[in-house]
Ligand code: GDP
């Protein structure tokens, strides 16, 4: 029995999905503990290519039980669509292999709409939301103005609870944004269309996880996004509205007393970032286009071109510290194969001084990247499976990153496929 969290070290899209898909074979249970359908994991396996938004990445392993914990933004509509898409490709999804926390709060029909209305109001000051309703959802959760999934099991109590929330929410919709109010009929229709579908999966995930652990089963906690998008530790306010850091995994899963034995931090061999906010190592123009194309850096959920740059040592070191990572998985090393020199953002410069500490968010936009270059290898490494078979320059790059970030790089990924991995 051992527990592990797989988390993003940077701005998200580091390749966590592929690492969870790989490592799930060692675990009995996979838990998503935060976030909603706003980001996506891409998993490539023998059944095809899947963009998962809410479903845990263990869903493809027949013996794995998947859990959506109380920390997630439970969007019944998107979840049901996702369940149907994955099931259509031959993956059975039943209450035996998918369990939804009765304490997960529900993303209500107006949350998505409010996200769009607020971004439109902010115009050029927008946060770059994916408009999946995540920020309005979490603010309502903390104001205690949404309902828990378990309430779907008690319709009379649910309607009574929703009536009060509806009255309050319509004030905002009508008076602040001039939008159309919702009715109880809208909510009952939504519950019938989507709430009913997820009802069979709802249970006390804490009780399930505790029992699993007592029976000696091991648990993998899976996060969305990365350290720099963490609400408390990221580049606020350009963060997500939840805590992707590993320390939150036990809290967001329904099993607050769980211990983490291993924390695998996923870092990409270069940087990418979706949406707004300071991104110190950012490249522009032709070199950015080339890297974006080589790494196919377009949002899994939105299709938006991602901002790209070289690996950012300063941000990565900070991200590792926030996660308490014990091991690093360095992904997409193969993408750098076209470069004759491998760039790294080794330090920042702030007010004329070279610094190695990640700056406080308010002054982060003033930081400038200090780039250094390592030798490239310029050959295809996607078929390499052993450390000693990597070209020397590629090994030197990995060793350089390992030394600078101060954490062991245990896995090196050289392709999206399950087996395209080098274990060190
Ligand atoms: P996640 O949210 O952290 O899982 O990140 P993404 O869904 O954006 O995944 C990163 C993308 O890179 C996906 O399309 C993966 O299939 C792909 N990928 C992951 N690891 C590698 C790798 O080592 N090499 C290449 N070429 N692609 C990879």
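Does segment 75-120 hold any residues that are within 28 Å of residue 207 (Cβ to Cβ), crowded, with 17+ Cβ neighbours inside 10 Å, at pLDDT below 95 and over 21 Å from the mean Cα position of the chain (by Cα), and which are they?
Once the filter is applied, which keeps residues that are within 28 Å of residue 207 (Cβ to Cβ), crowded, with 17+ Cβ neighbours inside 10 Å, at pLDDT below 95 and over 21 Å from the mean Cα position of the chain (by Cα), segment 75-120 yields only 91.
Say we look at segment 260-276 and pick out the residues that are at pLDDT below 95 and part of a loop (DSSP other than H, G, I, E, B); which of these is farthest from the ligand (Cβ to nearest atom)?
Here is the first cut: in segment 260-276, the ones at pLDDT below 95 are 273-276.
Now narrow it down to the ones that are part of a loop (DSSP other than H, G, I, E, B): 274-276.
On the way: 274: 9, 275: 13, 276: 18 Å.
Among those residues, the one meeting the criterion is 276.
Are any residues in segment 28-45 more than 12 Å from the ligand (Cβ to nearest atom) and surrounded by fewer than 24 Cβ atoms within 10 Å (Cβ to Cβ), and if so, which ones?
Matches in segment 28-45: 28 only.
From the residues in segment 133-147 that are assigned to a loop (DSSP other than H, G, I, E, B) and surrounded by 24 or more Cβ atoms within 10 Å (Cβ to Cβ), which one is modelled with the highest pLDDT? If you could, list the steps in order and put the result at the bottom.
First, pick out the residues of segment 133-147 that are assigned to a loop (DSSP other than H, G, I, E, B): 133, 143-147.
Retained after the next criterion (residues that are surrounded by 24 or more Cβ atoms within 10 Å (Cβ to Cβ)): 133, 146.
Details: 133: 88, 146: 96.
Once the filter is applied, the top-ranked residue is 146.
May I ask you to list the residues in segment 329-355 that are more than 16 Å from the ligand (Cβ to nearest atom) and touching a strand residue (DSSP E or B) at 6+ places or on another chain (Cβ under 6 Å)?
341, 343, 344, 345, 346, 347, 348, 349, 354, 355, listed by residue number.
If you check every pair at least six apart or on different chains, which have Cβ atoms under 7 Å apart with a residue in segment 14-39 that is more than 20 Å from residue 210 (Cα to Cα) and in contact (Cβ under 8 Å) with a residue 24 or more places away in the chain first and a residue that is in a helix (DSSP H, G or I) and within 13 Å of the ligand (Cβ to nearest atom) second?
Close Cβ pairs (under 7 Å, with a partner that is in a helix (DSSP H, G or I) and within 13 Å of the ligand (Cβ to nearest atom)) amount to 17/57; 20/57; 21/57.
Can you pull out the strands (runs of 3 or more DSSP E) entirely within segment 337-424 that have at least 1 residues that are under 25 Å from residue 19 (Cβ atoms) and touching a residue at least 12 places away in the same chain (Cβ under 8 Å)?
Counting at least 1 such residues, we get 341-350, 368-375, 409-413, 421-423.
Checking the structure you have, find out if any residue of segment 54-61 is surrounded by fewer than 17 Cβ atoms within 10 Å (Cβ to Cβ), in contact (Cβ under 8 Å) with a residue 60 or more places away in the chain and within 16 Å of the ligand (Cβ to nearest atom).
no
State yes or no: is residue 279 away from the ligand (no atom under 15 Å from the Cβ), touching a residue at least 40 places away in the same chain (Cβ under 8 Å) and over 26 Å from residue 408 (Cβ atoms)?
yes
So if I check each of 306, 317, which one is within 14 Å of the ligand (Cβ to nearest atom) and either within 17 Å of residue 395 (Cα to Cα) or surrounded by fewer than 24 Cβ atoms within 10 Å (Cβ to Cβ) (or both)?
Matching residue, one of 306, 317: 306.
Look at residue 69 and say whether it is at negative phi and either within 12 Å of the ligand (Cβ to nearest atom) or within 15 Å of the chain's Cα centre (by Cα) (or both). Full working, then the answer.
Numbers: at negative phi: yes; either within 12 Å of the ligand (Cβ to nearest atom) or within 15 Å of the chain's Cα centre (by Cα) (or both): yes.
Considered against the rule, which asks whether it is at negative phi and either within 12 Å of the ligand (Cβ to nearest atom) or within 15 Å of the chain's Cα centre (by Cα) (or both), residue 69 comes out as yes.
Restricting to segment 386-424, and then to whatever is at pLDDT below 95 and surrounded by fewer than 19 Cβ atoms within 10 Å (Cβ to Cβ), can you tell me which residue is farthest from the ligand (Cβ to nearest atom)? Can you show your working first?
Initially, segment 386-424 is screened for residues at pLDDT below 95, giving 416-419, 424.
Adding the requirement that they be surrounded by fewer than 19 Cβ atoms within 10 Å (Cβ to Cβ) leaves 417-419, 424.
Numbers: 417: 8, 418: 10, 419: 11, 424: 14 Å.
Restricting to residues being at pLDDT below 95 and surrounded by fewer than 19 Cβ atoms within 10 Å (Cβ to Cβ), the top hit is 424.
Would you say residue 200 is within 30 Å of residue 2 (Cα to Cα) and not in a loop (DSSP other than H, G, I, E, B)?
Values: within 30 Å of residue 2 (Cα to Cα): yes; not in a loop (DSSP other than H, G, I, E, B): yes.
The answer is yes for residue 200.
The values are calculated or read from the model by the stated rules, or taken from the named source; none is laboratory data. The model shown is predicted, which means the values in this text are computed figures rather than measured ones. In this analysis, Cβ positions are derived from the backbone assuming ideal geometry, glycine residues included, and neighbour counts consider all displayed protein chains.
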